[in-house]
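Asks: Quick one: structure below, then a few questions.
The values are calculated or read from the model by the stated rules, or taken from the named source; none is laboratory data. None of the values given here were measured: they were computed from a predicted structure. Virtual Cβ from ideal backbone geometry, glycine too; neighbours counted across all protein chains shown. These area figures cover heavy atoms from the full protein model, side chains too; ligands, DNA and RNA do not enter into them. Shrake-Rupley method; radii C 1.70, N 1.55, O 1.52, S 1.80 Å.
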Amino acid sequence: MVNAPEPTTTGSPSPDPVQRRREQRGWYVYDWANSVFITSVVTVLIGPYMSNLACVSAGAPDAEACQDPSLSIAPLGVDAITLHPNALYPALTTVAILLQIVLLPVVGAMVDQSRHKRRWLVWLAVGGSACTAGLYAAVGGYHLAAVLFVLANVLYGLSIAVYNAFLPEISTPDERDRVSVTGWGIGYLGGALLLAVHLGLVLSADSLGIGTDHAVRIAFASVGLWWAGFTVLAVRPLRDRYGALALASRGRPKVGQSLRQFGHTLRDMRKYPNTILFLVAFIFFNDGIQAAIRYAAPFASQDLRLDESTLITTILVIQFVAFAGAFLAGRVARLVGTKATVLGSLAVWCVLVGLAYFLPAGDVPLFVAMGVGIGLVLGGTQSLARSMFSQLIPKGREAEYFSLFQISDRGSTFLGSLAVTVVVSLTGGYRVAIVSLIVFFVLGAVLLWRTRMRVGIAAVGNEAPSRL
């Protein structure tokens, strides 16, 4: 196990700025480590790859033939339960999200009762990376790929809840926006760099004599190695901190005790209505963001008839623009306030999603332009939301509350994935499903506007930053 200083019984950030910066740099590295899973696997490669496997199983020779609404597969081996081949990927995503919703409360409570948060982060990340690397062996049918993708997705989500729980412990209230934005920006940069390698690999697949599918599977393996390797580097500077829950459990969390503790936390949250209101707002606007990200690849390949190299190039552009956009959002937040910045970004999301419906098939420049717009608001919206929520958490409950945050994240993606699955099954394509996401941005913005941040921060006993 990675060596570290002895755990400390205070959950507060170190008073030493040098120590805080050291831990913050380590924390940034995990964003660099895990973002490649979302960027290369979830956003770009797994959707078209899974759809291709399912379409071949259904007897469709290419993506155009797979648009036939009469095609179906029986993923559970039961003829009475069938899906359109293009609906397999969103259906698997829905299953993974449901599993996370079940597991996150237990894991969050167990982490808060543990004195070894770093170990939780390492083992969840290593498990997820192993499943991702295992996708290299998923050939011939879609069943193995489906199982490994679901497991990797679940472990990724659990690791992010633990990772986010470090944020209030390594930064002061006035540092929170900067640290969250920096981590998100560095994550986009790491994802972009490895995605650039994957782009070169996919474009050179034929000349290398390996074929596009083999190139994609090599990319899966490289993501697993990257994720695991940089996780080890990330946890070295971090320190284990724990509070009253870990002391009471003597550092030996149990599942039953964790469930009871989570139930207590849910009841306790009634004292914090603004925390609840923020979570509900986040569910809605994050629904739109996550669904737009997850289904960009199948939308581009199936509805817009864009090839994989164009898609990867566009996603690569989004990553580099999002890297700059995250830092730009942080600067804007320092000038006009975090809440106003997020509300402004949601207005931009509404415009972009509305325009996506009218994108003509095969128009690469317009698709890339849309990607640039998404990149500008993508990182800032999510990183500032994470920072805002971290201000609304009682001390010593970081993992539990960020498990709720992650449940909200997964739960909102569940609603979006379920909606996309239904619409794609009815229409055979993604165009109508994408434009429907505008509803979630509007509802999220209204609820966020009604959230009283300063009142909520004071209610949980935290110090409010100078600008909100």
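Asks: Report the label-to-label distance for Val372 and Ile101 in nanometres (one decimal), using points 7 Å from each Cα along the Cα→Cβ vector.
Replies: Reported label-point gap for Val372 and Ile101 is 3.9 nm.
Asks: Here's another thing I want to ask about it. If you place +1 on the Cβ of every Lys and Arg, -1 on the Cβ of every Asp and Glu, and leave all else neutral, what size is the dipole of the chain about its Cα centre, to the nearest 20 Debye? Could the numbers behind the result be given before it?
Replies: Details: 35 positive and 26 negative charges, 446 e Å.
Dipole of the chain, to the nearest 20 debye: 2140 debye.
Asks: May I ask you to rank Asp213, Asp409, Asp174 by accessible area, largest first, using a 1.4 Å probe over the protein chains only? The partial results should precede the final answer.
Replies: On the way: Asp213 75, Asp409 15, Asp174 95 Å².
Putting Asp213, Asp409, Asp174 in descending order of accessible area: Asp174, Asp213, Asp409.
Asks: Taking a quarter of the surface of the convex hull around the Cα atoms of the chain, what do you get in nm²?
Replies: Projected area, direction-averaged: 20.9 nm².
Asks: Now for a separate question. How many nm separate the modelled label positions at Asp16 and Lys271, each set 7 Å beyond the Cα in the direction of the Cβ?
Replies: 3.4 nm
Asks: To the nearest 0.05, what FRET efficiency results for Val432 and Ala464 with a Förster distance of 45 Å applied to their C-beta separation?
Replies: FRET efficiency, Val432 to Ala464: 0.55.
Asks: In whole percent, how big is the carbon plus sulfur part of the accessible area of the stretch 358-468, probe 1.4 Å, protein atoms only?
Replies: Looking at the stretch 358-468 in its full context, I get 70 percent from C and S.
Asks: Another question, then. Given a 1.4 Å probe, how much area per residue of the chain is accessible, in Å²? Each step should come with its number before you reach the end.
Replies: On the way: 17350 Å² over 468 residues.
With the other protein chains kept in place, the chain gives 37 Å² per residue.
Asks: Taking the alpha carbon gyration tensor of the stretch 156-238, what are the square roots of 5 times its eigenvalues, largest first, to the nearest whole Å?
Replies: One finds semi-axes of 34, 13, 9 Å for the stretch 156-238.
Asks: Which residues in the stretch 353-397 have a backbone N closer than 12 Å to a point placed 7 Å from the Cα of Val442 along the Cα-to-Cβ line?
Replies: Counting only backbone N, you get 354.
Asks: Still on this model: Sum -39500 (n - 2.57) across every DSSP H segment of at least 4 residues in the chain, then divide by the residue count to get the 222 nm mean residue ellipticity, nearest 500.
Replies: Numbers: 19 runs with 331 residues, N = 468.
Result for the chain: -24000 deg cm²/dmol, rounded to the nearest 500.
Asks: Sorted from largest to smallest, which semi-axis lengths in Å does the alpha carbon gyration tensor of the stretch 364-410 give for its equivalent ellipsoid, taking the root of 5 times each eigenvalue?
Replies: 32, 11, 5
Asks: Output the relative contact order of the chain, whole-number percent, from Cα pairs under 8 angstrom with separation of 6+ residues.
Replies: After rounding, I find 28 percent.
Asks: Accessible area, 1.4 Å probe, largest first: how do Arg115, Arg21 sort?
Replies: Correct descending sequence by accessible area is Arg21, Arg115.
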